[in-house]
């Protein structure tokens, strides 16, 4: 399992006797083969907060459609004010993404992808928007099964590259 801590911050709650300080942690967990999850935990110590976040991320894991080392098609995800655009990339390009998006894509097992983070830069919301985008991915097998068509119906037929005599 791949675990990445994407954010640790100090939060406080105002009580009758003063402020109660806690630590908040956000963790991404993935198996590197198409499953990824995001969790959030709060505690008085960093280790306990990370452990809680990891446990919640493991429960929240979802399957992602991947094609080789990249994604099958471009996709957009939105969570609250954060928006993320993820595009497939050629082999050897690597992950071009901000740290939160990169953590989610690495945990899912992707090696080549382009992304752009738009809107709010909140680390948790950006990571959640990335997971929303990855959930929207569909492989050609899934699309063919949903539409009750053979895969050959969706594959573009290759021509010999010669222009038609009528098209000029």
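For residue 64, state whether it is over 22 Å from residue 140 (Cα atoms), under 11 Å from the mean Cα position of the chain (by Cα) and buried (at least 21 other Cβ atoms within 10 Å of the Cβ). It is false that residue 64 is over 22 Å from residue 140 (Cα atoms), under 11 Å from the mean Cα position of the chain (by Cα) and buried (at least 21 other Cβ atoms within 10 Å of the Cβ). Would you be able to say whether some residue in the range 66-80 is modelled with pLDDT of 90 or more, touching a strand residue (DSSP E or B) at 6+ places or on another chain (Cβ under 6 Å) and part of a loop (DSSP other than H, G, I, E, B)? Within the range 66-80, one or more residues are modelled with pLDDT of 90 or more, touching a strand residue (DSSP E or B) at 6+ places or on another chain (Cβ under 6 Å) and part of a loop (DSSP other than H, G, I, E, B). For the range 70-83, the condition of being crowded, with 18+ Cβ neighbours inside 10 Å and farther than 17 Å from residue 36 by Cβ holds for at least one residue.
Quick grid of which residues meet (1) within 21 Å of residue 60 (Cβ to Cβ); (2) surrounded by fewer than 18 Cβ atoms within 10 Å (Cβ to Cβ); (3) modelled with pLDDT under 95; (4) within 9 Å of the chain's Cα centre (by Cα):
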{"position": "89", "(1), (2), (3), (4)": "no, no, yes, no"}
{"position": "110", "(1), (2), (3), (4)": "yes, no, yes, no"}
{"position": "122", "(1), (2), (3), (4)": "yes, yes, yes, no"}
{"position": "134", "(1), (2), (3), (4)": "yes, no, yes, yes"}
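The set of residues in the range 1-57 that are farther than 23 Å from residue 122 by Cβ, outside any loop (DSSP other than H, G, I, E, B) and under 16 Å from the mean Cα position of the chain (by Cα) contains only 35. Here residue 107 meets each of (1) closer than 26 Å to residue 141 by Cα; (2) in contact with a helix residue (DSSP H, G or I) (Cβ under 6 Å, 6 or more places away or on another chain) with one exception, condition (2).
Criterion applied to 142, 100 was being loosely packed, with under 14 Cβ neighbours inside 10 Å and in contact (Cβ under 8 Å) with a residue 60 or more places away in the chain, and the one residue passing it is 142.
Criterion first (touching a strand residue (DSSP E or B) at 6+ places or on another chain (Cβ under 8 Å), in contact (Cβ under 8 Å) with a residue 24 or more places away in the chain, farther than 20 Å from residue 99 by Cβ and surrounded by fewer than 21 Cβ atoms within 10 Å (Cβ to Cβ)) does residue 51 satisfy it? When the stated conditions are applied, residue 51 does not pass them.
The values are calculated or read from the model by the stated rules, or taken from the named source; none is laboratory data. What you see is a predicted model; the values in this text were computed from it and never measured. Virtual Cβ from ideal backbone geometry, glycine too; neighbours counted across all protein chains shown.
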